[in-house]
Structure formats: C-alpha cells, structure tokens
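Trainee: My structure is below; once you've seen it, I'll send some questions.
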Ligand code: NAD
Ligand code: TDX
C-alpha cells in the first residue's frame, strides 16, 4: 500500500504517520505538506526515509497534487487551515485550502481512480445545548458556525457530491477535539500547558462552560485506519471517545496536574460565535467496524501530554512568542 498523507507534517497528520509506520510496517508513506506556520518537519523526524517520503507542496497546486495522487494507492486528506480563532481574523486561507484544495484533490482522485479518505470535524454539525440528550450522528444536519467549520462543511459536501456524481471511492470521518503530542501551541490544551511552563496564567474564554469531546490523537488514528481498511465506500463515520469536559474543568485539571492552585487562571474575552457544546455518538464506527478507543483515561492522557511539552521545549519554544503576539492582536 502506498499512502499519500496530506497535512502529514501537522499535529494529527504526523501522529497518524507515526501510527501507520508502527502498525503497518509494509506500507509506504508519502507526506504531502506545504509547511505553513502549522506544519513542522520535526513532527516526522526519525522515521526511515526509505519508508516515509516528503513532498513540500500546496494542495491547491493542481499539477503537483495530480502528480502525487497518480503515484499512490490511497489518499488520506488531513491538510487544512485548522484554527477557529485564525479563521475569524483571516478567513481567505480557509476558503482556499479547505475548499479549493479539497477540490483539487477530488479532481486528481477522480482522474486517477484512487481511494480517498477525507478528514473532517464534528464542528460541521454546529453546536448542542448543554442538556441536549442527543449527540451528533452521521445523520445530523450540517449547521456550521465559523469560517473554519463552514469551509470544512463545504469540503465534506464536495466529497459527497464527487462520490455520488462521479463514483469516486471516498469515505469521510468527522472527529471531535484531539489532544496529544505535536499539537500547535495556538490550540487550547498546549496553549495553557506552555503558558504555565512559562510562568503565566492560563486563559479561559468567556465563562468556560463550553464543552468539548476530547479524544487522544492515537484513537483518531486507529479510527481512520479501520475506516480505510473496512469502511463502506460513500459513508461517513463519526470518531469520538465519550470525552466531554467543559473548558473550566480542563484548565483546573491542568493546573492541578502541574502543581498549581486550580483557581490560578484568567477569564479573557469570549470567542465571537463560540460553539457551546460538541458531543459525538461513535456507535456506527464501533458497531459496524469494531473500533474502540484505547486512551479513555483523560487524566493520564493529559499527564502524558504535559510531560511531552515539558520534555520538548525546543519543539514549541520557536512558535510560542509569535502565537501569543497573535492572541494579543485578537484581544484574547
Ligand atoms: P494542523 O493545523 O496542526 O495541521 C495542518 C497541516 O496541513 C500542517 O502541516 C500544514 O502545513 C498543512 N497545510 C495547511 N494548508 C496546506 C496546503 N494548502 N497544502 C498543503 N498542506 C497544507 O491541523 P490538525 O489539528 O492536525 O488537523 C488536521 C485535520 O484534522 C484537519 O483537516 C482538521 O480539520 C481535522 N480535525 C482536527 C481536529 C483537532 O482537534 N485538531 C479535530 C477534528 C478534525
Ligand atoms: O486560550 C484559549 N482559551 C479557551 O478557553 C483557547 C485557545 C481556546 N479556548 C476554548 C475555545 C474552545 O471552546 O477552548 C476550546 C478549544 O479550543 P481550540 O483548541 O481552539 O479548539 P476548537 O475551537 O474546539 O476546535 C478544535 O476542535 C475541532 C480544532 O482546533 C479544530 O481543528 C477541530 O476541527
């Protein structure tokens, strides 16, 4: 199997590459990544270059993506602009990469008749009330709130249409919030860990009652592999590990695990349009394809993640000051 992994130098893509490298030693992996501010070759360092290849290119580049797709058996499409806060201040890269880039991949996959798995997010379904007993399912209506989630929703729609109209062999997965090693310091958990490591106070948006459904990135990777190998062509699968926590609880747990007073954080201005709650019903993936999450102890997963950031200061330091400057501009 020759896999083409777009966005394989980012957080989830690189964890997926490392996962496949470990569990499918016969497979050949090509990472296709533009190395935006979010991509980092260090994320895939140390892997045997005869098994893991790298192409630095943009998914919007029709010729480059066509050539790379022609040479693989299957594409796992992670590449995206992924941060909601950025999308509120500068939406164009989201429209370009998430929509136009996915279009270029679809055209290449159609031309060369290759298998595609498209990585999406639970945010395409909008948000839930705190007391809603129903979680998101593959049949939930699309109702995205932000420029980020609306461009991800658009890319899902393109994939569905290319499957129905042209018969491309595609599956889609919509996953909940990931955490783990190699996550950019702009995101909630690594931002707070590195703020504490630098002697500052974590920053909670609004009241902090917003709920996210946390999943360890290893469990996301195993879900994607199961779908690639056993998924029904044309189907959508939701990936989640019943990890609902509100942001206030997560900040307090981080402070406790890092030996600080649990009230030692600041409330900052809320994110405009801030989704209240995400929650995934992953029963289709569990019942039809036999997937189960393994990393369900959030406390110990968070401890491991804190330790990873403590041990890898040289990885995150170069991004940290720039990221906080950006947050100062955003007023958060
Ligand atoms: P990330 O921002 O850490 O990584 C994105 C990667 O894509 C980077 O390596 C970047 O260089 C690359 N990239 C961006 N634009 C590109 C372009 N035009 N051409 C080629 N490469 C480009 O993102 P992430 O958090 O790892 O998310 C990966 C995927 O998973 C995204 O599709 C995202 O929507 C989805 N997702 C993320 C989460 C989460 O919690 N982070 C949850 C569900 C789904
Ligand atoms: O400093 C912060 N303080 C804070 O309270 C930051 C950065 C975030 N937050 C809140 C906002 C969210 O409610 O924490 C929650 C998580 O924020 P993010 O890490 O920005 O993630 P979110 O907006 O939920 O989106 C993530 O999950 C779904 C990923 O970034 C997306 O790519 C994915 O699709």
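Trainee: In this structure, does residue 300 turn out to be away from ligand 2 (no atom under 14 Å from the Cβ), within 24 Å of residue 115 (Cα to Cα) and either in a helix (DSSP H, G or I) or modelled with pLDDT under 95 (or both)?
Mentor: The answer is no for residue 300.
Trainee: Is it fair to say residue 109 is closer than 22 Å to residue 227 by Cβ, more than 17 Å from the chain's Cα centre (by Cα) and either modelled with pLDDT of 95 or more or buried (at least 20 other Cβ atoms within 10 Å of the Cβ) (or both)?
Mentor: On the way: closer than 22 Å to residue 227 by Cβ: yes; more than 17 Å from the chain's Cα centre (by Cα): yes; either modelled with pLDDT of 95 or more or buried (at least 20 other Cβ atoms within 10 Å of the Cβ) (or both): yes.
Criteria met by residue 109.
Trainee: When only residues in segment 102-116 that are within 12 Å of ligand 1 (Cβ to nearest atom) and touching a strand residue (DSSP E or B) at 6+ places or on another chain (Cβ under 8 Å) count, which is farthest from residue 236 (Cα to Cα)?
Mentor: Per the stated criteria, the residue is 105.
Trainee: Another question, then. Step by step: first the residues of segment 146-176, then only those that are assigned to a loop (DSSP other than H, G, I, E, B) and surrounded by fewer than 20 Cβ atoms within 10 Å (Cβ to Cβ), then the one that is nearest to ligand 2 (Cβ to nearest atom). Which residue is that?
Mentor: 169
Trainee: Against the definition (farther than 18 Å from residue 246 by Cα, within 13 Å of ligand 1 (Cβ to nearest atom), in contact with a helix residue (DSSP H, G or I) (Cβ under 8 Å, 6 or more places away or on another chain) and not in a loop (DSSP other than H, G, I, E, B)), how does residue 119 come out, yes or no?
Mentor: When the stated conditions are applied, residue 119 passes them.
Trainee: Can residue 8 be described as under 23 Å from residue 222 (Cα atoms), at pLDDT 95 or above and touching a helix residue (DSSP H, G or I) at 6+ places or on another chain (Cβ under 7 Å)?
Mentor: yes
Trainee: Restricting to segment 19-37, name every residue that is within 13 Å of ligand 1 (Cβ to nearest atom), farther than 16 Å from residue 101 by Cα and out of contact with any helix residue (DSSP H, G or I) (no Cβ under 7 Å at 6 or more places or on another chain).
Mentor: 37
Trainee: Are there strands (runs of 3 or more DSSP E) fully within segment 197-281 with at least 1 residues that are in contact with a helix residue (DSSP H, G or I) (Cβ under 8 Å, 6 or more places away or on another chain)? List them.
Mentor: Result: 203-205, 211-213, 236-239, 244-246.
The values are calculated or read from the model by the stated rules, or taken from the named source; none is laboratory data. Because the structure is a prediction, the values reported are computed rather than measured. Cβ coordinates were reconstructed from backbone atoms using ideal geometry, including for glycine residues, and neighbour counts include every protein chain displayed.
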